[in-house]
């Protein structure tokens, strides 16, 4: 059985269901393997366990949620985020 694993910040149950469904459908379409054979593992990580550009997400956005698509933080694309702080 193929396994799809995704590490992501905390997301609502409904989003997890959509993610599992869409990942399974896409992987099944691409590989030709029946969707019921796939296992999707969603590993949620607290913001203090994720670093972006050398800075913990808990420091970057202490009270904001990540964008649903996880392409940015607090409405800012990862490519537009400030560089890591110099020590």
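Points worth noting:
- Test result for residue 19, under 15 Å from residue 9 (Cβ atoms), assigned by TED's automatic domain parsing to the domain that holds residue 2 and either modelled with pLDDT under 90 or surrounded by 14 or more Cβ atoms within 10 Å (Cβ to Cβ) (or both): yes
- Every residue from region 22-50 that is over 24 Å from residue 61 (Cβ atoms), within 13 Å of the chain's Cα centre (by Cα) and surrounded by fewer than 12 Cβ atoms within 10 Å (Cβ to Cβ): 41
- Residue match in region 75-87 (condition: surrounded by 11 or more Cβ atoms within 10 Å (Cβ to Cβ), at pLDDT below 90 and outside any loop (DSSP other than H, G, I, E, B)): yes
- When residues of region 1-16 are limited to those that are at pLDDT below 95 and part of a strand (DSSP E or B), the one nearest to the chain's Cα centre (by Cα): 8
- For beta carbons closer than 6 Å, sequence separation of 6+ or different chains, a first residue in region 1-25 that is on the phi < 0 side of the Ramachandran plot and a second that is surrounded by 15 or more Cβ atoms within 10 Å (Cβ to Cβ) and part of a loop (DSSP other than H, G, I, E, B), the qualifying pairs are 2/38; 24/38.
The values are calculated or read from the model by the stated rules, or taken from the named source; none is laboratory data. Just so we're clear, the structure is a prediction, and the values are computed from it rather than from any experiment. Reconstructed Cβ throughout: ideal geometry from the backbone, glycine too, with neighbour counts over all protein chains shown.
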